[in-house]
Each structure stands twice: as C-alpha cells, then as structure tokens.
1. Which numbered condition in (1) closer than 26 Å to Arg125 by Cβ; (2) under 13 Å from the mean Cα position of the chain (by Cα); (3) modelled with pLDDT under 95 is the only one that Leu98 fails?
2. Could we say that Ile55 is more than 22 Å from Phe122 (Cβ to Cβ) and either aliphatic (A, V, I, L, M) or in a helix (DSSP H, G or I) (or both) here?
3. Please name all residue pairs, on different chains or six or more residues apart, with Cβ atoms under 7 Å, provided the first residue is in the range 101-129 and is touching a residue at least 60 places away in the same chain (Cβ under 8 Å) and the second residue is assigned to a loop (DSSP other than H, G, I, E, B) and of a type outside the set (Val, Ile, Thr).
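The values are calculated or read from the model by the stated rules, or taken from the named source; none is laboratory data. In this text the structure is predicted, and so the values were computed from the model without any measurement. Don't worry about glycine lacking a Cβ; one is built from the backbone with ideal geometry, like all the others, and counts go over all protein chains shown.
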Amino acid sequence: MDSEHQTTVDLKINQREKEGIRILDLQGRLVIGPPEALLREVVLAIAKAGEVNAILNFAATHEVDEDGLEAIVLCSARLRESGGALKLVNLSRAHMELIVRVGLDTVFEVFKDEQNAVDSFFPDRASHPFDLLKFVEDLKKHPLPKIWE
C-alpha cells in the first residue's frame with residue numbers, strides 16, 4: 001500500500017511497502033523545523049497504524065542537520081517502543097560522518113541497499129549491514145572538510 005506524497009518546503013516523504021516493511025523515501029532536506037516535525041508525524045502515524053518496522057531511504061536526501069538526526073533517533077525509539085525497528089539505507093558519506101561525529105554510529109543499523117535492509121527484518125535471511133568500522137577507519141584516513149564548525 002503506497003501512499004500520497006507529503007510535502008513541506010524542504011522535505012518530501014513518499015511511503016511505500018516492500019514485503020510488509022514500510023519504506024519512507026526522503027527527498028530534500030531533513031533539517032530543523034517543519035521537515036523534522038513532518039518525519040516524526042509520519043512515523044508516529046505508521047506506528048499507530050500497527051506498522052512498526054520501517055526503513056528510511058536517504059537516496060534523495062541532500063542535507064541532514066543535527067535536529068534532523070535527533071528526529072531520526074526519536075522515530076527509532078518510538079518504533080522500538082511499539083515492538084519494531086527503524087533501519088537506514090542509502091546514506092551519503094556526509095550523512096555517515098554526521099552520525100559518527102555525534103556518536104550514533106552504534107545506534108542505527110545502516111545498509112547500502114534496500115533489499116539488505118528489508119532482509120534484516122527476517123531472521124532466516126542473510127543481510128549485510130554497512131561496515132561502520134571500515135567507514136570510520138576510512139574517515140580517519142580521508143576526512144571530509146569541517147563544515148559544521
């Protein structure tokens with residue numbers, strides 16, 4: 001069951017389902033204000049509807065700030081309270097750097113592709129999460145420019 005696009009000036013969320021998992025395709029900027037409030041509202045609605053396993057797809061998300069990241073943490077906590085989980089997929093290097101920088105690299109399950117993220121919800125399937133340790137090691141060797149200072 002796919003749903004209509006929900007929009008603000010900065011963020012568009014398209015909802016779709018794959019194998020019983022709700023996938024939220026984020027497009028635009030997940031930043032302080034209406035965008036992060038919209039994400040919280042959408043995740044709360046799907047949790048209330050009994051859909052407690054979700055994936056956030058960042059393929060078309062070009063900016064995430066610390067408030068957007070906080071919204072993701074709150075969404076993850078809400079789904080866990082409901083007996084589910086939130087997984088992340090298609091994060092850019094800048095998104096990953098922010099997650100590592102604020103110390104959330106052990107909080108989220110991150111995947112390079114959508115099918116591995118979906119498979120991670122099924123215990124009988126092999127899934128391959130993003131190798132965060134390798135990412136952190138590579139980041140030490142080749143850091144991104146400091147844009148948040």
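1. Only one criterion in (1) closer than 26 Å to Arg125 by Cβ; (2) under 13 Å from the mean Cα position of the chain (by Cα); (3) modelled with pLDDT under 95 is unmet by Leu98, namely (1).
2. No; evaluated as a whole, the condition is false for this residue.
3. Partner pairs satisfying both residue conditions: Val118/Glu19.
Let's see how each residue does on (1) of a type outside the set (D, E, K, R); (2) surrounded by fewer than 16 Cβ atoms within 10 Å (Cβ to Cβ); (3) assigned to a helix (DSSP H, G or I); (4) touching a helix residue (DSSP H, G or I) at 6+ places or on another chain (Cβ under 8 Å):
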{"position": "Asp25", "(1), (2), (3), (4)": "no, no, no, no"}
{"position": "Glu51", "(1), (2), (3), (4)": "no, no, no, no"}
{"position": "Leu69", "(1), (2), (3), (4)": "yes, no, yes, yes"}
{"position": "Leu88", "(1), (2), (3), (4)": "yes, no, no, yes"}
